[in-house]
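K.L.:
Here you go, one structure.
The values are calculated or read from the model by the stated rules, or taken from the named source; none is laboratory data. Everything numeric here is computed off the predicted structure, so don't read it as measured data. All Cβ positions, glycine included, derive from the backbone under ideal geometry; neighbour counts span all protein chains shown.
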Ligand code: NDP
Ligand code: OXD
């Protein structure tokens, strides 16, 4: 019987096994390290598998990354030469969109300053800011960036996006490449980083980009930690140039005890929980990828190893 191999040290197999069994009738679900015939494994649904694990299945046809960011799996130089797809489902997009909307609205409503006032027992009227004067810039307008743009649309923020290739999307001022970067950054109220981690994006958000933001701007990073240079971000926060940073992703995860982000008055830390790939909503997306493999159709969310996402 065709078998899908499941490996994750983060996701609960007790949730995934029944969800996959429902979505893939006629398939066996094998949770690593359960024993079985290696030749029956046709698909692998994996999050950060140990290097070399996937090489032992001679009839593997597709690898499905149990998450949207493929940087960790692409770092495995021993991956067998079969197509690699990312798992991007409606539940994940919704959770990322609520995270980004929450923290853009928090900036709009001056929530960090209000929280500090409350902690100090201070009653001081702070007028809400004007969304129309607070452009939100999405670095990355892929499946997650687009869901975030849709969620932000009703609140009146002017929306911008910056991508690798030129794009044209109704309601969003689109910029691309190095040429478009300066115009994208000019006058932003909130910079939202939703980029994959690739050779081209590692260390991209450095002092140079941060200093081009207007004084008082806010950063949200829910993409990958190493896209932002942590030391440069701390310098921009310490100087007061940036009003606040909300960070879900970090160079080192879990964020080490004693890291300055934990206690910085201008930083909100969340434990890489912005997006959730839940078995119930994502198992049908796994089945859709496998159905496309079986029918020889283009694979949804296929990763291009040359570009790293
Ligand atoms: P996609 O692959 O759908 O989109 C990536 C976007 O980034 C595209 O718009 C792409 O541009 C743009 N991009 C890539 N490289 C560059 C570059 N060098 N310069 C400019 N733009 C670039 O990814 P998703 O939207 O699905 O996810 C984005 C990232 O979010 C994931 O890779 C992951 O790291 C992170 N993530 C984090 C989660 C969390 O819990 N914190 C949960 C889920 C995802 P173009 O349109 O031109 O291709
Ligand atoms: C993902 C993540 O990439 O959760 O899906 O970070």
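K.L.:
Looking only at segment 46-71, which residues are within 13 Å of ligand 2 (Cβ to nearest atom) and touching a strand residue (DSSP E or B) at 6+ places or on another chain (Cβ under 8 Å)? Steps first, answer last, please.
P.N.:
Step one: of segment 46-71, the residues within 13 Å of ligand 2 (Cβ to nearest atom) are 46-48, 64-71.
The answer is 46, 47, 48, 64, 65, 66, 67, 68, 69, 70.
K.L.:
Looking at (1) assigned to a loop (DSSP other than H, G, I, E, B); (2) surrounded by fewer than 23 Cβ atoms within 10 Å (Cβ to Cβ), can you tell me which one residue 274 breaks?
P.N.:
(2)
K.L.:
Filter segment 198-218 for residues that are under 20 Å from the mean Cα position of the chain (by Cα) and assigned to a loop (DSSP other than H, G, I, E, B); which is surrounded by the most Cβ atoms within 10 Å (Cβ to Cβ)?
P.N.:
Result: 201.
K.L.:
Let me ask something else. Spot the failing condition for residue 94; the list is (1) crowded, with 21+ Cβ neighbours inside 10 Å; (2) within 15 Å of ligand 2 (Cβ to nearest atom), and only one is missed.
P.N.:
Status for residue 94: all satisfied but (1).
K.L.:
If you don't mind, there's one more thing I want to ask. Only one residue in 54, 60, 87, 79 is crowded, with 16+ Cβ neighbours inside 10 Å, within 16 Å of ligand 1 (Cβ to nearest atom) and touching a residue at least 12 places away in the same chain (Cβ under 8 Å). Which one?
P.N.:
87
K.L.:
OK, next. Condition test on residue 144, is it more than 26 Å from residue 91 (Cβ to Cβ), in contact (Cβ under 8 Å) with a residue 12 or more places away in the chain and buried (at least 23 other Cβ atoms within 10 Å of the Cβ)? Lay out the reasoning, then the answer.
P.N.:
Details: more than 26 Å from residue 91 (Cβ to Cβ): no; in contact (Cβ under 8 Å) with a residue 12 or more places away in the chain: yes; buried (at least 23 other Cβ atoms within 10 Å of the Cβ): yes.
In short, no.
K.L.:
Criterion first (in a strand (DSSP E or B) and away from ligand 2 (no atom under 16 Å from the Cβ)) does residue 288 satisfy it? Walk me through it before giving the result.
P.N.:
Details: in a strand (DSSP E or B): no; away from ligand 2 (no atom under 16 Å from the Cβ): yes.
Criteria not met by residue 288.
K.L.:
Could you tell me whether residue 244 is away from ligand 1 (no atom under 14 Å from the Cβ) and touching a strand residue (DSSP E or B) at 6+ places or on another chain (Cβ under 6 Å)? Steps first, answer last, please.
P.N.:
Working: away from ligand 1 (no atom under 14 Å from the Cβ): yes; touching a strand residue (DSSP E or B) at 6+ places or on another chain (Cβ under 6 Å): yes.
So residue 244 passes the test.
K.L.:
Could I ask something else about it? What's the number of the only condition in (1) surrounded by fewer than 16 Cβ atoms within 10 Å (Cβ to Cβ); (2) assigned to a helix (DSSP H, G or I); (3) in contact with a strand residue (DSSP E or B) (Cβ under 7 Å, 6 or more places away or on another chain) that residue 1 fails to meet?
P.N.:
For residue 1, the exception is condition (2).
K.L.:
Before we move on, is residue 265 out of contact with any helix residue (DSSP H, G or I) (no Cβ under 6 Å at 6 or more places or on another chain), farther than 21 Å from residue 15 by Cβ and away from ligand 1 (no atom under 16 Å from the Cβ)?
P.N.:
So residue 265 fits the description; yes.
K.L.:
For segment 49-62, indicate whether the set of residues that are within 25 Å of residue 195 (Cα to Cα) and out of contact with any helix residue (DSSP H, G or I) (no Cβ under 9 Å at 6 or more places or on another chain) is non-empty. Give the derivation first.
P.N.:
So the first thing to find is which residues in segment 49-62 are within 25 Å of residue 195 (Cα to Cα), and the list is 49-51, 62.
Those left that are additionally out of contact with any helix residue (DSSP H, G or I) (no Cβ under 9 Å at 6 or more places or on another chain): 50-51.
For segment 49-62, residues within 25 Å of residue 195 (Cα to Cα) and out of contact with any helix residue (DSSP H, G or I) (no Cβ under 9 Å at 6 or more places or on another chain): present.
K.L.:
Can we say residue 165 is out of contact with any helix residue (DSSP H, G or I) (no Cβ under 7 Å at 6 or more places or on another chain), without any contact (Cβ under 8 Å) to a residue 24 or more places away in the chain and part of a loop (DSSP other than H, G, I, E, B)?
P.N.:
In short, yes.
K.L.:
Can you spot a residue in segment 220-240 that is closer than 30 Å to residue 64 by Cα and modelled with pLDDT under 95? Write out each step before concluding.
P.N.:
Taking segment 220-240 as the starting set, the residues that turn out to be closer than 30 Å to residue 64 by Cα are 220-229.
Cutting the leftovers down to modelled with pLDDT under 95 gives us none.
There is no residue in segment 220-240 that is closer than 30 Å to residue 64 by Cα and modelled with pLDDT under 95.
K.L.:
Sticking with this structure for a sec: Given the options 184, 157, 125, name the one that is more than 16 Å from ligand 2 (Cβ to nearest atom) and in contact with a helix residue (DSSP H, G or I) (Cβ under 9 Å, 6 or more places away or on another chain).
P.N.:
Values: 184 fails: in contact with a helix residue (DSSP H, G or I) (Cβ under 9 Å, 6 or more places away or on another chain); 125 fails: in contact with a helix residue (DSSP H, G or I) (Cβ under 9 Å, 6 or more places away or on another chain).
Of 184, 157, 125, the one residue that is more than 16 Å from ligand 2 (Cβ to nearest atom) and in contact with a helix residue (DSSP H, G or I) (Cβ under 9 Å, 6 or more places away or on another chain) is 157.
K.L.:
Could you tell me how many of the residues in segment 1-49 are over 23 Å from residue 292 (Cα atoms) and under 23 Å from the mean Cα position of the chain (by Cα)?
P.N.:
Residues in segment 1-49 being over 23 Å from residue 292 (Cα atoms) and under 23 Å from the mean Cα position of the chain (by Cα): 9 in total.
K.L.:
From 195, 152, 181, grab the single residue that is touching a strand residue (DSSP E or B) at 6+ places or on another chain (Cβ under 9 Å), within 13 Å of ligand 1 (Cβ to nearest atom), under 24 Å from residue 267 (Cα atoms) and not in a strand (DSSP E or B). Lay out the reasoning, then the answer.
P.N.:
Working: 152 fails: within 13 Å of ligand 1 (Cβ to nearest atom); 181 fails: under 24 Å from residue 267 (Cα atoms).
Answer to the selection: 195.
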